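The values are calculated or read from the model by the stated rules, or taken from the named source; none is laboratory data. Since the structure is predicted, the reported quantities are computational estimates derived from the model, not experimental observations. Counting neighbours? That spans all protein chains shown, and the Cβs are built from the backbone with ideal geometry, glycine included. These accessible areas exclude ligands, DNA and RNA; they are computed on the full protein's heavy atoms, side chains included. Shrake-Rupley method; radii C 1.70, N 1.55, O 1.52, S 1.80 Å.
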Amino acid sequence: MPETKILSNGIDFYNRGKYSDALAFFLGISGEAGTDSSEIAYYLGLCYAKLNRYEDALLYLEQVVTSGTHLERVQQCRFLLAVIYSLSGRKRLANFELGKLLESGYKPASVYASMAFIAWEQKDVEKCLEYYNKSLEIDSNNVTALNGLGYVLASQDKDLTKALSCCKRAVEESPNSAACLDSLGWVYYKLGLYNDAKKYLEMAEQLDKDNEEIANHIKCVVLDGEKR
């Protein structure tokens, strides 16, 4: 039986967003005769990442990267590794993976946007702004960079006009993104436009009800609005 036929059920589960079912499938056939271990490692890594089981994801994503086969998949897995390393506080490892991606020419706008996020987490504001601007030089419509740059500028009370423009464009490109709506609301708050701020922040909250940062932003708007 061709390998694609063997894996097709698991791939179908994954493509339909049934990540637990896909994970169970790929774990079940791991090691079976006629299957490519690198191919299965790729899907296991993706499934674990989708399920936020990051330590398990790292194990399989690293296998794909070290295998050196399927360049596009290696690059995709490097990018996921960088994101996971960043989320778990392993900034040096994240920067290493992103640096390798830049060397390979993989989606540089996305890589620079990720490097900007890591710099922000490290409280290096100037480097963060530099990376977001580099990302937008490469792709002026990169939503992550537009949203990130606007949010950082607003948080630092720098060039709020530019921050508003960036966040408006991000929302236009991705109107159902809680992160983008939150950033736009935050810019309006910094501009003292509390009604507009509340409107977009509440829209963000509807999309991501358990997000503490959005909830804190709404509290700021309500408290400052009451003082007026």
Quiz prompt | Selection status of Arg16, over 30 Å from Asp124 (Cβ atoms), of a type in the set (Lys, Arg) and open to solvent by less than 60 Å² (accessible area, probe 1.4 Å) | solution = no
Quiz prompt | Glu97 vs. criteria open to solvent by 60 Å² or more (accessible area, probe 1.4 Å), more than 13 Å from the chain's Cα centre (by Cα) and within 26 Å of Tyr48 (Cβ to Cβ) | solution = no
Quiz item: Looking at Glu103, is it of a type outside the set (A, V, I, L, M), surrounded by fewer than 20 Cβ atoms within 10 Å (Cβ to Cβ), closer than 30 Å to Lys123 by Cα and modelled with pLDDT of 90 or more?
Solution: no
Exercise. Being assigned to a helix (DSSP H, G or I) and open to solvent by 80 Å² or more (accessible area, probe 1.4 Å) is the filter here, so list the residues in the stretch 204-215 that pass it.
Key: Gln206, Leu207, Glu212, Glu213
Self-check item: Subset of the stretch 108-154 (residues that are over 23 Å from Leu81 (Cβ atoms), open to solvent by 20 Å² or more (accessible area, probe 1.4 Å) and among the small types (Gly, Ala, Ser))
Solution: Ser140
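Every residue, every condition in (1) in contact with a Pro (Cβ under 8 Å, 6 or more places away or on another chain); (2) part of a helix (DSSP H, G or I); (3) closer than 22 Å to Ser114 by Cβ, yes or no:
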position: Asp157; (1), (2), (3): no, no, no
position: Asp182; (1), (2), (3): no, yes, yes
position: Ala197; (1), (2), (3): no, yes, no
position: His217; (1), (2), (3): no, yes, no
Quiz prompt | Tabulated pairs, the stretch 20-31, first of a type outside the set (D, E, K, R), second open to solvent by less than 70 Å² (accessible area, probe 1.4 Å) and not in a helix (DSSP H, G or I), C-beta under 8 angstrom, 6+ apart or interchain | solution = Ser20/Leu51; Leu23/Leu51; Ile29/Thr35
